[in-house]
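Below you'll find the structure, written out as structure tokens, and then a few comments.
Nothing in this text is a laboratory measurement; each read-out follows from the coordinates by a stated rule. On a predicted model such as this, the values are computed, not experimentally measured, just so you know. With ideal geometry, Cβ positions are generated from the backbone for all residues, glycine too; neighbour counts draw on all protein chains shown.
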Amino acid sequence: MPFFRSDEQLQQLGTEILEKTWAEFPALQQHQIALSWLVYDAPVIVNTGGAISPEEFWKYPIRGFSYRGDERIYPASVVKLFYLVAIHEWLEGGMIPPSTELDRAIRDMIVDSSNDATGLVVDVLTGTTSGPELPPGPFETWKQQRNIVNRYYKSLGWEELEAINVNQKTWGDGPYGRERAFLGELMDNRNMLTTNAITRLLHTIVGGIAVSSERSQQMMSLLSRTLNPPEDSGDENQVIGFLGEGLPSNARIWSKAGWTSQVRHDAAYIEIPERPPYILVVFIEGKAHSQNKKILPFISASLVTAMDMK
């Protein structure tokens, strides 16, 4: 059972939004999109600053809808959300020492989606480094270490995390040496996530129970986006061409986007005055669609319209 309850109204609205999207973008196949959507009805239990204990938080029923929400998909930079929570868990538990340089890397990983910064965060999380290929024995030890983040998420016992893989760095040109060997000849060890898994993790951050209330607030501050990014920010702004572009000007958004030549994804928590807050996670696959900056804003705007009409 998912952590949210399926809702007839959201099912109808979500299905209508998907059908509108396929009509608007007929080349987009039904298997090239995955979507998860949570709606927070009053009393809203998110952005409380951690006023609710984790035990209480999980008791609140949340309405949701998902389409292919359990399908494993390459997440691109959305995986950085998982490294963000893990690094805060390590810091909170004293497993690693804090440092100014690590803080800089955490910030750049989320705010700018820097792959170089993510590489440092993964190194610190796992005690591994990139480099030349290793002999079999040391490589086995290295692989065991690199999987520590996977083991952490499995330890949470969430059904949504059973099928995920979060053990790879993110790249510009791609992996070399031991990193390429670890990826597998057919890249079968790639990072893989589902929109439901991402939705649940984002739900805990927004709810103030990811690691601690204070650390959840720190994560939220990094995820906050302006709906009017500077003109010179290009693709790196994570708003233009993503869910934020489809929002009214009075909305607020906290998000993490991801894109490659093959995928275009976004995961966002959104607040709009006079409407219930919500989480929306949308994954788009396919080379032609990954370069299309209109699909995610269309879905986002369609959802806002649907919420106005309900």
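Filter the range 240-284 for residues that are polar (S, T, N, Q), buried (at least 20 other Cβ atoms within 10 Å of the Cβ) and farther than 19 Å from Ile33 by Cβ and give the result.
Matches in the range 240-284: none.
For Ser36, state whether it is part of a helix (DSSP H, G or I) and in contact with a Gly (Cβ under 7 Å, 6 or more places away or on another chain).
For Ser36, the condition - part of a helix (DSSP H, G or I) and in contact with a Gly (Cβ under 7 Å, 6 or more places away or on another chain) - is not met.
Between residues in the range 241-267 that are more than 13 Å from Leu223 (Cβ to Cβ) and residues that are of a type in the set (Val, Ile, Thr) and in a loop (DSSP other than H, G, I, E, B), which pairs lie under 8 Å by C-beta distance while being six or more apart or on different chains?
Glu245/Val239; Leu247/Ile272; Pro248/Ile272; Asn250/Ile272; Ala251/Ile272
Report yes if Trp90 is aromatic (Phe, Trp, Tyr), touching a residue at least 40 places away in the same chain (Cβ under 8 Å) and touching a helix residue (DSSP H, G or I) at 6+ places or on another chain (Cβ under 7 Å), otherwise no.
Against the criterion (aromatic (Phe, Trp, Tyr), touching a residue at least 40 places away in the same chain (Cβ under 8 Å) and touching a helix residue (DSSP H, G or I) at 6+ places or on another chain (Cβ under 7 Å)), Trp90 does not qualify.
Does the range 84-92 include one or more residues that are over 15 Å from the mean Cα position of the chain (by Cα), among the acidic types (Asp, Glu) and more than 30 Å from Asp7 (Cα to Cα)?
Yes, that holds for at least one residue.
Of the conditions (1) surrounded by fewer than 21 Cβ atoms within 10 Å (Cβ to Cβ); (2) within 19 Å of Met307 (Cα to Cα); (3) not basic (Lys, Arg), Leu35 satisfies every one except a single condition; which number is it?
(1)
Looking only at the range 1-16, how many residues end up being under 21 Å from the mean Cα position of the chain (by Cα) and crowded, with 19+ Cβ neighbours inside 10 Å?
2
Within the range 212-229, take every residue that is in contact with a Ser or Thr (Cβ under 9 Å, 6 or more places away or on another chain) and hydrophobic (A, V, I, L, M, F, W, C) and give me the one that is farthest from Leu84 (Cα to Cα).
Taking the candidates together, the pick is Leu227.
Looking only at the range 276-304, how many residues end up being outside any loop (DSSP other than H, G, I, E, B) and either in contact (Cβ under 8 Å) with a residue 60 or more places away in the chain or closer than 25 Å to Thr118 by Cβ (or both)?
Adding up the residues that qualify gives 18.
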